[in-house]
1. Given the options Gly533, Gly537, name the one that is crowded, with 18+ Cβ neighbours inside 10 Å and of a type outside the set (Asp, Glu).
2. Give the residue, chosen from Arg193, Arg203, Arg176, that is open to solvent by 70 Å² or more (accessible area, probe 1.4 Å) and farther than 20 Å from Arg124 by Cα.
3. Select from the range 496-551 the residues that are in a loop (DSSP other than H, G, I, E, B) and not acidic (Asp, Glu) and list them in ascending order.
4. Go through the residues of the range 596-619 one by one and say whether even a single one is part of a loop (DSSP other than H, G, I, E, B), open to solvent by less than 20 Å² (accessible area, probe 1.4 Å) and not small (Gly, Ala, Ser).
5. List, please: which pairs have Cβ atoms under 6 Å, are six or more places apart or on different chains, and start with a residue in the range 167-185 that is under 22 Å from Ala693 (Cβ atoms) and free of Cβ contacts under 8 Å to residues at least 60 places away in the same chain and end with one that is aliphatic (A, V, I, L, M) and open to solvent by 30 Å² or more (accessible area, probe 1.4 Å)?
6. Quick one: would you say Ala256 is open to solvent by less than 50 Å² (accessible area, probe 1.4 Å), assigned to a helix (DSSP H, G or I) and in contact (Cβ under 8 Å) with a residue 12 or more places away in the chain?
7. Are there any pairs, at least 6 apart or on different chains, whose C-beta atoms fall under 8 Å, with the first in the range 815-837 and farther than 18 Å from Arg757 by Cα and of a type in the set (A, V, I, L, M) and the second open to solvent by 20 Å² or more (accessible area, probe 1.4 Å) and outside any helix (DSSP H, G or I), and if so, which?
Amino acid sequence: MRRLSSYAWRSVTERRGRSLLTIAGIGLGVGILVAAVATNAGIESSVGRTVAEMVGQADLRVTALGEVGLSDATLAEIAGTPGVAVTAPALEQRTFLQRGPSDAASGFRDPVTVLGIDPLTYERVHGLAIVAGAAPASVDATDVLITEALGTSTGLAPGSELTLLGTASSGPTTLRVAGVVAGDGPLVASDGRTVIVPIETARRFLGPAGPARVDVLLEGGSDVDAVAAALEARLTREPYILSTPADLAASLRASAADFQSMVALIAAVALFVGAFLIFNTLSMTVGERTREVGLLRAAGTTRRQVNGLIVLQAVILGIAGSVVGVGLGYLIALGMAAYVRSIEGIPLDRLEVPPAGLALAVAIGLLVTIAAAIEPAWRAGRISPVEALKARIDPSTGRRARLRWLVVVLLVVAVAGLIAWPRDVSAVGMARPLVVYGILLVGTLATPFVLGPLGRLAGIPFAAILPAEERLTRGSLVRDRSRTALTLGALTVGIAMVVALGGVALNARGAADAWLADVVPGDEVVTSIRPAGLEEGIQDELAAVDGVERVTPIATFEIAHEGRRLDAAAVVGADLLADARLAFVSGDRANALAALDEGGAIVLTSSQAERLGLGIGDTMSVIGGTGVPADLRVVGVVERGLPGRSGETAFVGWSDATQRLGVLGADAFVVRFAPGRADRARPALEAAARGLALQPATLAQVEGAISSALGRVFGLFDALALVAVLMAGLGIVNTLTMNVIERVREIGILRATGMTRRQVARMVVVEAGVLGVVGAIVGGIVGLAAGAAMVALASGGLPAGFQVPWTALAGAALFGILVAMAAAYQPARLASRVSIVRAVQFD
């Protein structure tokens, strides 16, 4: 067996080019898997650190459902609950830092987050790393803390004064900086621009709303579940959400679940393409060494030993590829981590490379490599010594075996993907990759059956330029359909993933644009960083700008119905009616929007109505910030609403929102310009908005921001998917090289009859081009099917306006063809150098 091991090693090293290409392919597949494992581990550890920063030592958190916050009576009930040791209330709201008297004239441009706390209790639960000065002494002191990041950017220091913008009634408030907190401070999502203010002082200039949350530290030995049950029994005054650190961690993980599952899916696809490569390489090895294997069998080598010989070659390649993949994966992970940090909503502060994850990635790489090697090893063991000395194995037998084995290889990749699947990703989220796998498998299995007609179709453009080379190419492609199908399978899978991701991205952008076009009643959105009460007169001041036709206030908030949280939006029905917004699925449009303004009505989105099982005329009992149930009648169902925290929003009128559901004010004002006056009115409107501490943005800018965010996410996915196309290119190099070696005699005869070296090289390049075109056609079709399935699974059904990603389709096809033709360079060079005399003598 030792001699056979040496033989396996020589088989690998004798064909260094092919072995290096195979190792590179395995390395790329394992590298993407390592990067996925490292990135997902980094997200997991970042979630733990983020939660620790959010809750400190707290065992429970009570969060207000509405904007009015938690009342003093509720705070007293929490503090008086048996088992509670410390309660740390916190009020969090954004406002503007006024740098000087000119700010009001030029527009407020420096937003900060105000964190209102009880300095004594907050310190016990969270701790404050004060690097200069001291903390305020009481809940109503006029001293504040700032973060080092804010101090560095503004020049503020202990002893400095700063002015914060308050409500319309309180106006600007000047406070003294008492100390500086290390780094970015206690708030994770504030970019370090945080001002920590005693809570009662914050309520004086930001409004009377109560604390948004209370972090609860329990007494030693207290049972968390028992205290939570006691709190649920005692807190009945207003709606709230009771959560543990584990609940917060689960919520953060859920925000990154789609990203993690998509990265895992692409990693599995890369491994699948790598399996094609190793499968094809070893199959070619078996084919060209038929005589050698036959001689080994005649010399007494058993079938099991021959099987082991081929598997050992695969193990050597797999180990080398996995080692390369670990290093390459770490570099890819570094790039991914740097890129992901720019994507909002995905918690990743630093990269983690767990040893167990690396070992898992290497093991999966070897497992997939061995799985791809079993069928070639089985065929090698079945070589008859007599038949091996006569001729090659019947190619039709090999083809049937390979195609059947692809199913087994896919199952191995699927199992490997499940092992490496990010934890806490729901079973529903796993349906998408499983469906995609199935579509990819069907597409690759169908390739041999469409190879003939598609090969003729793909050859048409080449025949117009190089007719002789194209005719010779067609014969080469069908010479070994099995090998061609395997090569095309890898290219098909890579192109299909690029097209599928392009389809998902395009339809995501389309859905985002649709809600802007169908829901937002105006030309420009002016947002407020705090709830702007309608009584403040902001709406009237904006409407007074010359050229403004209408100003519509909008507020988004949360309500509860039968224990379920829903997103809702307060709107003016008459404005939506006048601007022809909202596409109604059921209910009369005019009557429904008029009912919103009259009160006691609600309009649901179709997804909400289906989930809740409600229809026109049904009554919902909902609870908002006041804690008092409000009965609202369903008067309409629309296709889509505004985007909320966890989904689309239902619509209620302003009277219900402010009087019954605890909404304090508008989050945004939508401005409609008079016809033909937008260009002249917009500068004056934006200047007025900034003077009112509002932030204007045109709908085009909003669309651009959404498109940019989606582009960053899917740009990363596309880059990873393109790696699979490059891996397919490595397989094309192997295949074309093998085709040249098998056709040495044929090429020599062609040269002897007058074919030039350049024509021979062009023949190989045309062959690659035809392969690329066929792969682009099949990959495009399979990719469209996979993309449609992914969109349908994400949205609960294929949208009526599903958009075909023509740009992604054309780009992926062009890239695949270019990769295929670039891969033909070395085989073409090899073919052109074939000596006529030696070729004719070749056996």
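1. Values: Gly537 fails: crowded, with 18+ Cβ neighbours inside 10 Å.
After ruling out the rest, the residue left standing is Gly533.
2. Numbers: Arg193 fails: open to solvent by 70 Å² or more (accessible area, probe 1.4 Å); Arg203 fails: open to solvent by 70 Å² or more (accessible area, probe 1.4 Å).
Matching residue, one of Arg193, Arg203, Arg176: Arg176.
3. Quick first cut of the range 496-551, residues in a loop (DSSP other than H, G, I, E, B) only: 520-523, 533, 537, 544-547.
Val520, Pro521, Gly522, Gly533, Gly537, Ala544, Val545, Gly547 - these are the residues of the range 496-551 that are in a loop (DSSP other than H, G, I, E, B) and not acidic (Asp, Glu).
4. no
5. These pairs meet every condition: Val177/Leu156.
6. Yes, satisfied.
7. none
Conditions tested, residue by residue: (1) in a helix (DSSP H, G or I); (2) in contact (Cβ under 8 Å) with a residue 60 or more places away in the chain; (3) farther than 16 Å from Leu726 by Cα.
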residue: Arg762; (1), (2), (3): yes, yes, yes
residue: Ala776; (1), (2), (3): yes, yes, no
residue: Gly780; (1), (2), (3): yes, yes, yes
residue: Ala785; (1), (2), (3): yes, yes, yes
residue: Val804; (1), (2), (3): no, yes, yes
residue: Ala810; (1), (2), (3): yes, no, yes
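The values are calculated or read from the model by the stated rules, or taken from the named source; none is laboratory data. Note that the structure is predicted; figures quoted are calculated from it, not measured. Every residue, glycine as well, gets a Cβ built from its backbone with ideal geometry; the counts of neighbours run over all protein chains shown. Surface accessibility is based on the protein's heavy atoms, side chains included, excluding ligands, DNA and RNA. Shrake-Rupley method; radii C 1.70, N 1.55, O 1.52, S 1.80 Å.
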